[in-house]
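This report refers to the structure that appears directly beneath it.
The values are calculated or read from the model by the stated rules, or taken from the named source; none is laboratory data. Values in this document were obtained by computation on a predicted structure and should not be read as measured data. All Cβ positions, glycine included, derive from the backbone under ideal geometry; neighbour counts span all protein chains shown. In case anyone asks, the SASA skips ligands and DNA or RNA and just uses the protein heavy atoms, side chains included. Shrake-Rupley method; radii C 1.70, N 1.55, O 1.52, S 1.80 Å.
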Amino acid sequence: MQKILCGQQKGGVGKSTLAGNIAVGLAVAGHRVIIIDTDKQQSCVKWGSRRKLNNIEPEVQYAGLIAKKNGNQEFLDTFKNLENHGTFDYCIIDAGGRDNPELRLSMFIADVLIAPCLPTQADIKTIEEFDAMVVEVLKGNPSLKCMTVLNKANRGLNFSHEIKLARDAITEMDHLYECTEVVTERPNFRSAWLDGKTAYDLNTESAGKARFEIDGVIACL
């Protein structure tokens, strides 16, 4: 079971939406997928429950997991038990937008770290700080594959320079490398999410472009 963590220390970068779209993209490809939501807001659990309520296929299992006080081992054992059980091919971990025990512990056991980042100067500064934090994690999990996805990007001509500047900045980082795919900001992402859906569940031209982008992120894993 491959464990893919969507997380970094800043909120509002689209971690949960990206995690849900990746999960469904993998499920569409025939893989057995579960999302573990470690954020106290439980955005992916709420999304998964709406998806289940509306009988949307393909099915993606979901569960919430919060680290209890002095319960680090219990948190880690949950993933070990999932792996030993052999039910799932992929476990997508959605971590909240802050430096907390859930994010640190998830980084310790993950195979792949996806750190979504908006292509803005403020967000690049934050991801640079996160890159420095990754150094500590790699001491305990040296095989962790670390990458950044430029997420919720505006591809308009007036904003193309932001994407280029962000890519240039990521190139200078020590541990996070850039996924070749950029995920565009689209209103239908937000509206679909509230219905338990993703780009894979919509039949529009925009959704088709979004699926292409998410497939590109999956190809980077």
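For the range 99-116, the Karplus equation 6.51 cos²θ - 1.76 cosθ + 1.60, evaluated at θ = phi - 60°, returns couplings of 7, 9, x, 4, 5, 4, 5, 5, 5, 5, 9, 6, 8, 9, 10, 10, 9, x Hz by residue, with Gly and Pro reported as x. With every protein chain in place and a 1.4 angstrom probe, the accessible-area ranking of M107, M173, M1, largest first, reads M1, M173, M107. In the chain, the portion of solvent-accessible area held by carbon and sulfur atoms comes to 51 percent [1.4 Å probe, whole percent, DNA, RNA and ligands not counted].
Taking all protein chains together and a 1.4 Å probe, the residues V45, V24 rank V45, V24 from largest to smallest accessible area. The charge dipole of the chain, taken about its Cα centre with unit charges on the Cβ atoms of Lys, Arg (+1), Asp and Glu (-1) only, comes to about 560 debye.
To the nearest 10, the accessible area of E57 is 130 Å² with a 1.4 Å probe.
Tell me the per residue accessible area of the chain using a 1.4 Å probe; a whole number in Å² is fine.
Numbers: 10350 Å² over 221 residues.
Accessible surface, normalised per residue, equals 47 Å².
Please name whichever of G11, S143, Y177 sits farthest to the positive end of the charge dipole of the chain, dipole taken about the Cα centre and charges placed at Cβ: Lys and Arg +1, Asp and Glu -1. Comparing the listed Cα positions along the dipole, G11 ranks first. In order along the range 32-41, phi translates into HN-Hα couplings of 8, 10, 10, 9, 9, 9, 9, 8, 4, 6 Hz, rounded to whole numbers, per the Karplus curve 6.51 cos²θ - 1.76 cosθ + 1.60 with θ = phi - 60° and x for Gly and Pro. Taking Cβ separations below 4.7 Å as the criterion for a possible disulfide partner, the isolated cysteines in the chain are C6, C44, C91, C117, C146. Each of A153, P119, N21 was placed along the dipole of the chain (beta-carbon charges, centred on the mean Cα), and the one lying farthest toward the positive end is N21.
Simple point charges give the picture: +1 on the Cβ of Lys and Arg, -1 on the Cβ of Asp and Glu, and for the range 107-221 a dipole about the Cα centre of about 320 debye. The label-point distance for F159 and N84, in a model that sets each label 7 Å from Cα toward Cβ, rounds to 4.7 nm. Net charge dipole, the range 156-216: roughly 280 debye, given to the nearest 20, about the Cα centre with Cβ charges of +1 for Lys and Arg and -1 for Asp and Glu.
Here the range 115-151 and the range 164-221 have alpha carbon centers that stand 17 Å from each other.
Dividing the summed helix terms, -39500 (n - 2.57) for each DSSP H run of n ≥ 4, by the number of residues in the chain produces a 222 nm estimate of -14500 deg cm²/dmol to the nearest 500.
Y200 contributes an accessible area of around 40 Å² to the protein surface, as traced by a 1.4 Å probe with all chains present.
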